[in-house]
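To keep things clear, I will list the structure first and then write my remarks on it.
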Amino acid sequence: MYTEKVMDHFQNPRNVGEIEGASGVGTVGNAKCGDIMRIYLDIDDNQIIQDCKFKTFGCGAAVATSSMATELVKGKSIYEALEVTNKAVMEALDGLPPVKVHCSLLAEEAIHAALWDYAEKHDIKIEGLSKPKSDIHEGEETEEEEY
Amino acid sequence: MGKMIYLDNAATTRTATEVVDAMLPYFTENYGNPSSIYEIAGKSKEAITKGREQIAEVLNAKPEEIYFTAGGSEADNWALKATFEAYAKKGNHIITTKIEHHAILHTCDYLESKGAKITYLNVDENGVVKLDELEAAITPETILISIMFANNEIGTIQPIKEIGMIAKEHDILFHTDAVQAFGQVPIDVDECNIDMLSSSGHKINGPKGIGFLYIRKGVKIRSFIHGGAQERKRRAGTENVPGIVGYGVAAKRAADTMKERTAKEIELRDYMIGRVLKEIPYCRLNGDPVKRLPNNINISFRFVEGESLLIMLDMEGIAASSGSACTSGSLDPSHVLLAIGLPHEIAHGSLRMTISEETTREDLDFTLEVIKKTIDRLRSMSPLYEDFIKKQKK
């Protein structure tokens, strides 16, 4: 059901991990739907994304789209990164099954969320970027069960 | 790829060789239509009679109470829709549970649109129906109680005898979806006061495309498929003769080997459950630890998502299933796991392994190592795990 590229990015995800003291961190998605993506950006003084890492809780497509999204924004300026749409991520993966398209949207949102966090922290305004939605804290109370 | 380890026997099973052997002559040699009068038609008719007898015996039913269908879903649809029609004068209320198979739940949705009132009973944290809730739900309009014998996802076996007694005391028909239980646990329709029972051939090493509805003599439901006198005029259509032959052999085989086979499966099941719970942190067993199908293992792993887990197992040649939303094509995880009280996030991380008589301890040892490795890897990528560990450190 997945393309070879999706399988490759799922099996060998690029840029998994965290960035200590990241310039911007964005977390999107919710546990209810089974997808949470977190993207870390390291952005230099020239507003170039020097490094990008991710962590994802989700299906094969969620992992692959996160991995591809980090690859696509690395080395780009923040404005170029803003242009990395879910379509671009999907095309780079040679497509996704229709039920998994929302995963690519999540990847786009995660980048936007991380850029928003960067902009807030550095007190700048990024033209064309609006405040992303984040609802991952839904149902958090019930998570604290005993195991 | 090397050897496949098949741990999805609740989805379907390998058709047993003796089942296939028994079926084959009914494709190319004894292909006559059982309704005809010449010699080879007679052979088909005999074969159907034999298959019906073999199945009836497993249930302690009479052969004429077994009505062949195209599968378990058809049997479930028939039982519910036809009861709703036939007993409309008595009432329109049906009692079922929140953890039924979709063949029941979606049929109930449909019947609600036709004016039925449906009560969906809660289950406890192990997936067992609450009998006091059942008693309390009964009204003078209640025409049917439909409760599954054993759950397909978490393996919990319901107190069927007690439910049958309650139904009998109140003079209400009792249907049970026994698709997972038939051939796996002993079933006596008289002892349990079962009025209708659904089953499917391919879950017990029989062929696909054949099932039956047991209908106790005296239950007044009518035909579901119109067009012929087959199945005592209750289910038209030329009989699936090879399917019935195969189903009969599979049912007899399952009953004959049940004691020994399930004892072995229970031992392996509990061995695997024990090792997983002991050796992998932050996981839990879903379903009742004891009142459980012999072949069912269902475990939720926190901080990981089921589909990812399944793909990684598949890459190692292990076939299993999950209650994750991603495997069902919807956004919600399994309704069964939600009904036993699991939060969404944990329901998404469930893994169901259903073993068979062919499963070995070595298979399970290998599977466990793969699961451990995979869980470690997925957790290292999981933002939920990252948050959890950071919280622990505080």
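We did not get these values from a lab; they are worked out from the coordinates using the rules stated. Note that the coordinates shown come from a computational prediction; the quantities given were computed from them, not determined experimentally. Because the Cβ atoms are built from the backbone with ideal geometry, glycine has one as well, and the counts that use them run over all protein chains shown.
Taking other C-beta atoms within 10 Å as the exposure proxy, B:W78, A:W116 rank A:W116, B:W78 from fewest upward. Taking θ as phi - 60° and the Karplus parameters 6.51, -1.76 and 1.60, the scalar couplings of segment B:237-245 work out to x, 3, 4, 7, 4, x, x, 5, 4 Hz in sequence order, x denoting glycine and proline. Using alpha carbons only, the radius of gyration of segment B:12-129 set against its Kirkwood radius gives Rg/Rh = 1.10. Under conditions of 25 °C and 0.890 mPa s, chain B yields 111 µm² s⁻¹ as its translational diffusion coefficient, taking Rh as the Kirkwood radius over Cα pairs in the Stokes-Einstein equation.
A dipole drawn for the protein assembly as shown from +1 and -1 charges on Cβ atoms has a positive end, and of A:F54, B:L378, A:S130 the residue lying farthest that way is B:L378. Rounded, prolate or oblate for segment B:160-226? Axes are the square roots of the Cα gyration tensor eigenvalues, ordered a ≥ b ≥ c, and the cut-off for rounded is a/c under 1.5. Oblate shape, in that a/c is at least 1.5 and b/c is the bigger or equal ratio.
Straight-line cross-link partners of A:K5 among the aspartates and glutamates, defined as a Cα under 14 Å from its Cα and at least 8 positions apart when in the same chain: A:E71, A:E91, A:D94. Of A:S23, B:S300, B:S35, the sequence from fewest to most neighbouring Cβ atoms within 10 angstrom is B:S35, A:S23, B:S300. Cysteine residues of chain A whose Cβ has no partner cysteine Cβ closer than 4.7 Å: A:C33, A:C52, A:C103.
As a proxy for reagent exposure, B:H102, B:H226, A:H102, B:H175 were ordered by neighbouring Cβ count within 10 angstrom, fewest first; the result is B:H226, B:H102, A:H102, B:H175.
Answer rounded, prolate or oblate for chain A, using the Cα gyration tensor with square roots of eigenvalues a ≥ b ≥ c: rounded when a/c is under 1.5, else prolate when a/b is larger than b/c, else oblate.
oblate
Which distance in nm do the two modelled labels at B:S113 and B:I280 give, with both placed 7 Å along the Cα-to-Cβ direction? It is 3.9 nm.
Per the Debye calculation on segment B:259-346 with a single equal scatterer at every Cα and no solvent contribution, log₁₀ I(q)/I(0) for q = 0.18, 0.19 Å⁻¹ amounts to -0.90, -1.00.
Of the cross-linked pairs B:K203/B:K372; B:K89/B:K114; B:K117/B:K220, those separated by over 22 Å at the C-alpha level are B:K203/B:K372. If I model the protein assembly as shown as equal point scatterers sitting on the Cα atoms and use the Debye formula, what is log10 I(q)/I(0) at q = 0.07, 0.10 Å⁻¹? Calculated log10 I(q)/I(0) at the listed q: -0.48, -0.87.
Charged side chains reduced to their Cβ positions (Lys and Arg at +1, Asp and Glu at -1) give the protein assembly as shown a dipole of some 1520 debye around its Cα centre.
Rounded to the nearest 5, the antiparallel percentage of DSSP beta bridges internal to the protein assembly as shown is 65%.
In straight-distance terms, cross-link reach from B:K291 covers every one of the lysines whose alpha-carbon lies under 19 Å from its own, apart from those fewer than eight places away in the same chain; here that gives B:K98, B:K130, B:K161, B:K259, B:K264.
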